[in-house]
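Written below as structure tokens is the structure these notes are about.
The values are calculated or read from the model by the stated rules, or taken from the named source; none is laboratory data. Keep in mind that this is a model prediction, so the values were computed, not measured. Neighbour counts run over all protein chains shown; Cβ positions are idealised from the backbone, glycine included. Surface accessibility is based on the protein's heavy atoms, side chains included, excluding ligands, DNA and RNA. Shrake-Rupley method; radii C 1.70, N 1.55, O 1.52, S 1.80 Å.
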Amino acid sequence: GGWLLLQNCHLGLEFLSELMDTITTAESMSEGFRTWITTEAHPEFPINLLQSSIKYTNEPPQGVKAGLKRTYSAITQDHLEVSNMPQWKPLLYAVAFLHTTVQERRKFGPLGWNIPYEFNQADFAASVQFVQNHLDDMDIKRGVNWSCVRYMLGEVQYGGRVTDDLDKTLLNTYARVWFGEHMFHEKFCFYKDYVIPKGKTVEDYLQYIEQLPSIDTPEVFGLHRNADITYQTNLANETLSTIVSIQPKDSSTGGGETREAVVQRLADEMLEKLPPDYNLHEVKAQLQKMGAVEPMNIFLRQEIDRMQNVISRVRTTLTDLKLAIDGTIIMSEELRDALDSMYDARIPKLWFRISWESSTLGFWFTELLERNQQFSSWLQDGRPNQFWMTGFFNPQGFLTAMRQETTRMNLAKGWALDSVVLHNEVTKMMKEDVTGPPPADIGGVYIHGLFLEGAGWDRRNSKLVESAPKV
């Protein structure tokens, strides 16, 4: 009749099948017996065990209101009165608000944090304990040592998890703006209508939290309101992808073509348009004529090698998929994924792992043709006057090669690679206006294909403008 707790079972998946057999083959079992399993999501977790279990998840609450409500629901009245200092209750609420904010910013992806950090309840508990200890030892005449509080919150308690310099700057900015003597003033607010309530009991704080908006604008966290567009778009795409992935994979689509027939027709069209393989001997010979040791030509060879890998993989997958549909070869798991993905206009995992991101399979294949065209033209006709920079596998390698060539051209002037920095200038030319490389005295290259997210470019005045829709 006891309870069995097995923790972190994603680290011992082989035992779970044995566990399932033990439970299902047991001749008698007490009605009070329960087996609890904790695990991270894992694709190889035994599906029969998962289906026969009751599932619980412990997800962070969504929104400031839910986050603060969860935090204060775990705070007792004794905890609220643990210190008689007037700064204690406002500081406790401010730390709770900071804790909710750093967690909520994760949902905005790279706009929120460059690296997604696993901030948890232990960070909040440690921060609260520090604040309590600091107030207990505080000299009343000198007051709170704010530089110490900010450092501990921004560099130690929460900052201890942060590894990116810009993320650390952001966290320290929160600590500087929200924690200080000004936080006790009547007009202080984290954001409009988000203030520090004055309460004596936990119930007072919960009543105030209850009247907060259920949906927060990104500006509460210091983000532009357009950040919510990206979040909502990603959330919708993830939801739709999940729906598509779990839909029935029947062979028939009613009265129309079968899934296999649709995919086979698509495979024929793609094979017809797929570029021919590169002849690596001809590529090597052509690069020798162009100067095989030139940094830009070395970069081109690396890009062609990667493009050849993609072309070969696509050709092999499509050819094998047609044979599998005809019944000539066995439909493997990878080919099954390719079949399902192509039918749903998604990029097969086999291709995505060695290529680039794109919204649909059609856009991805079109980009394959355009990328290949840039490499082929460069190889056959010589270096182009302008480069489609977002069409490279390794754009950073392109910039490095360009810096190396520019440095070599100016060795007589005493230039060194370590001291050469990139300088960007947005011209008023269109792609069609470029008829030659940049002037020799200026050097560098013309590039195109860059795009802005949440902003636009004023061509007339050569400056950034806000062009994304506001919500």
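Rounded to the nearest Hz, the phi-derived 3J(HN,Hα) couplings of the stretch 175-192 under the Karplus curve 6.51 cos²θ - 1.76 cosθ + 1.60 (θ = phi - 60°) are 4, 6, 7, 9, 10, x, 4, 5, 6, 8, 7, 4, 8, 5, 8, 5, 7, 3, where x marks glycine and proline. Taking the accessible area of the stretch 3-52, probe 1.4 Å, and keeping the other protein chains in place, the carbon and sulfur fraction comes to 53%. For the stretch 148-278, carbon and sulfur atoms together expose 55% of the accessible surface, with a 1.4 angstrom probe and every protein chain in place. Only beta bridges with both residues in the chain are counted; by DSSP, about 35 percent of them are antiparallel.
Multiplying the residue separation of L323 and T57 by 0.36 nm and removing their Cα-Cα distance gives an extension gain of 91.5 nm. If you keep only loop residues by DSSP, which chymotrypsin sites (Phe, Trp or Tyr not before Pro) in the stretch 34-116 have at most 14 other Cβ atoms within 10 Å of their Cβ? Here the sparse-neighbourhood loop sites are Y56. Taking the three principal axes of the alpha carbon atoms in the stretch 1-108, the coordinate ranges are 63, 37, 20 Å, sorted in descending order.
In summary, the aspartates and glutamates within cross-link reach of K413, defined as a Cα separation below 15 angstrom excluding same-chain residues under 8 places away, comprise E405, D441. Farthest towards the positive end of the charge dipole of the stretch 310-428, among the residues T317, F393, W415, is the Cα of W415, using unit charges on the Cβ of Lys, Arg, Asp and Glu.
Solvent exposure of the stretch 57-154, expressed per residue, is 48 Å² of accessible area, with all protein chains present and a 1.4 angstrom probe. Enumerate by residue number the GluC sites (Glu not before Pro) in the stretch 161-251 meeting two conditions: DSSP loop (anything except H, G, I, E, B), and at most 14 other Cβ atoms within 10 Å of the site's Cβ. Filter output for the stretch 161-251: E186.
Which of T25, Q7, I47 sits farthest toward the positive end of the charge dipole of the stretch 1-52, with +1 on the Cβ of Lys and Arg and -1 on the Cβ of Asp and Glu? After comparing all options, I get Q7. Which listed residue (S127, T406, Q264) has the Cα farthest towards the positive end of the charge dipole for the chain, taking +1 on Lys and Arg C-beta and -1 on Asp and Glu C-beta about the Cα centre? The residue sitting farthest along the positive end of the dipole is T406. Among the listed pairs K289/K428; K65/K192; K69/K200; K431/K463; K69/K192; K65/K107, those with a Cα-Cα distance over 24 Å are K289/K428. Across the stretch 3-52, Cα-Cα pairs more than 18 Å apart make up 28 percent of the total.
Helix 121-136 and the longest principal axis of the Cα set of the chain meet at an angle near 40°.
Per-residue ellipticity at 222 nm, computed for the chain from helices alone with -39500 (n - 2.57) per DSSP H run of at least four residues, works out to -15000 deg cm²/dmol.
The alpha carbons of the stretch 259-466 stretch over 67, 48, 30 Å along the principal axes, in descending order. For the stretch 62-69, backbone phi angles converted through the Karplus equation (6.51, -1.76, 1.60; θ = phi - 60°) give residue-by-residue couplings of 9, x, 5, 4, 5, x, 5, 5 Hz, Gly and Pro being listed as x.
Relative to its Kirkwood radius, the Cα radius of gyration of the chain gives an Rg/Rh of 1.05. Taking amide H as placed 1.01 Å from N in the peptide plane, the amide H of I37 sits under 5 Å from that of L6, each at least 5 places away or on another chain. Within the shell defined by Cβ-Cβ distances under 14 Å, the residues around R315 carry a net charge of -2, with Lys and Arg each +1 and Asp and Glu each -1. Judged by the mean number of other Cβ atoms found within 10 Å, the most tightly packed of the peptides 436-444, 353-361, 394-402, 171-179 leads the ranking 171-179, 394-402, 353-361, 436-444.
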